[in-house]
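Everything on this sheet refers to the single structure shown next.
The values are calculated or read from the model by the stated rules, or taken from the named source; none is laboratory data. The structure presented is a predicted model; accordingly, all values stated were derived computationally and were not measured. Virtual Cβ from ideal backbone geometry, glycine too; neighbours counted across all protein chains shown. Heads up: the accessible areas ignore ligands, DNA and RNA and are worked out on the full protein's heavy atoms, side chains in. Shrake-Rupley method; radii C 1.70, N 1.55, O 1.52, S 1.80 Å.
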Amino acid sequence: LTSSNLTSMMEGIEDWALSGPSSAAFQSMIQLSASVIPHVILRLEFWFMLGVHLMTWGAYQSGWFQQPSYVASAISVDWIDLKILTLLSIFFLAFHVNQCFQRYLHICGALKRLFACVHDFAGEARLFFGTKRTGDGSAAYHHLATRWLASCSLLAVDELRHGTLDDQLWHSYVAQHVVRRSEVEFLRSLPLRPRLLAMTHMTAELTKSQLTEEEFLETLQRILSYKELHQELLDLTTLQLPVQYKHLLSLTVFLNLLFLAYGMALSDSTMAPGIFIVMDLSLLGMLDVAQQLWNPFRANSLEFSLEEWKDDFRSGLHTILNYQHAGATQQWKQELDEEQRANPNLLAYPQHVERLLEGKSKAASAPDQGAQMADPLISEKPPLTPPASPSLPPLETLQ
């Protein structure tokens, strides 16, 4: 029984169950091939704990544990102690899975920001490397600079996912025009971090040779931002769990399952093995989920849409670098004329704003004129006296 055979069998069960009408919750529940169940079933710990439980439960049902009361109490398990140990394990696992999930979200966000930074650099490079300054060969400069950053990103992602870049991957890069054949040997000789430093420096040198000082400084900030995002992604994915933390977590779960396998077997209920299987799958499944969330590049069962993100990244780069619009060659004259014909009030906007400003200036000067007229030194009107207060009713009436 291999992982691929088990996954194929579970996919067949899903197809059979999903062929009829069912609710969305049931459809999500029976998607076993994408869950942690195939991974947990193939683990040695699962079958070891299940074997201990089934042997103990079979011996108890056969009467081997039917001993005098003092012997039975000595070999029994206190359920209060077992509950405390189980709660401790579940709390420890829940905290660990939550931390791994936060790391998973951080890695996904760092990868998306990295791809977005390359898109931004491609847009800036196309704007700065204009045909008016560099002539007909300007497109080659921003294509080359962008391709170097894009290839550095894609190479890093595939190396984080596969561990090493084999010949088949390099051939696919050359076929997709991500890497030139003359660059393969140079890039292949560099590890992850030195490759990042070399390719960002090459990109900076290329942009410096064709841009003005002000434009180069702005582009250099984009290259440095890309380097920081790339370095952040590498630091996140290459960080390992401390050995002491991992050992303590694994030991707690192992002892909890061992005591559960023995304690739940000392029962007359025929449902004890089924309940223990659920507990075994849950605890080991949480360990497996945490391990996959810690490094999503190596997790095949997670819905980590890496290939989809790479396709969107490549298609976005192709659009930014190669799109053509006729309006750019004519200073967008036709588009601006069409916009003005579609919105005839656009020409009246400057005059309208000017009238509004004139109205505000007149309104601002009006209080000053009113203040001068109210001045007693200037005005000949007598000062206003306050009105007389109304007379109060007699005291007898109030009483």
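Quick one: which of His119, His171 is in contact (Cβ under 8 Å) with a residue 40 or more places away in the chain and either of a type outside the set (A, V, I, L, M, F, W, C) or not in a loop (DSSP other than H, G, I, E, B) (or both)?
Just a single option satisfies the conditions, and that option is His119.
Being in contact (Cβ under 8 Å) with a residue 60 or more places away in the chain and within 25 Å of Tyr104 (Cβ to Cβ): is that true of Arg298 here?
yes
Listed residues Ser189, Ser182, Ser172; which is more than 21 Å from Ile223 (Cβ to Cβ), among the hydroxyl-bearing types (Ser, Thr, Tyr) and open to solvent by 100 Å² or more (accessible area, probe 1.4 Å)?
Ser182
Looking at this structure, is Thr252 free of Cβ contacts under 8 Å to residues at least 60 places away in the same chain and not aliphatic (A, V, I, L, M)?
no
Step by step: first the residues of region 281-339, then only those that are modelled with pLDDT of 85 or more and basic (Lys, Arg), then the one that is farthest from Ala175 (Cα to Cα). Which residue is that?
That would be Lys310.
Just a yes or no: is a residue in region 136-149 open to solvent by 20 Å² or more (accessible area, probe 1.4 Å), among the charged types (D, E, K, R) and modelled with pLDDT under 90?
yes
Check region 279-296 and report whether any residue there is under 30 Å from Ala122 (Cβ atoms) and within 32 Å of the chain's Cα centre (by Cα).
Checking region 279-296: at least one residue is under 30 Å from Ala122 (Cβ atoms) and within 32 Å of the chain's Cα centre (by Cα).
When you go through (1) open to solvent by less than 70 Å² (accessible area, probe 1.4 Å); (2) within 30 Å of Gln291 (Cα to Cα); (3) assigned to a helix (DSSP H, G or I); (4) not basic (Lys, Arg) one by one for Leu165, which number turns out not to apply?
(3)
Just need a number here: residues in region 195-227 that are open to solvent by 60 Å² or more (accessible area, probe 1.4 Å), free of Cβ contacts under 8 Å to residues at least 40 places away in the same chain and either touching a Gly at 6+ places or on another chain (Cβ under 9 Å) or assigned to a helix (DSSP H, G or I) (or both).
So the count comes out to 10.
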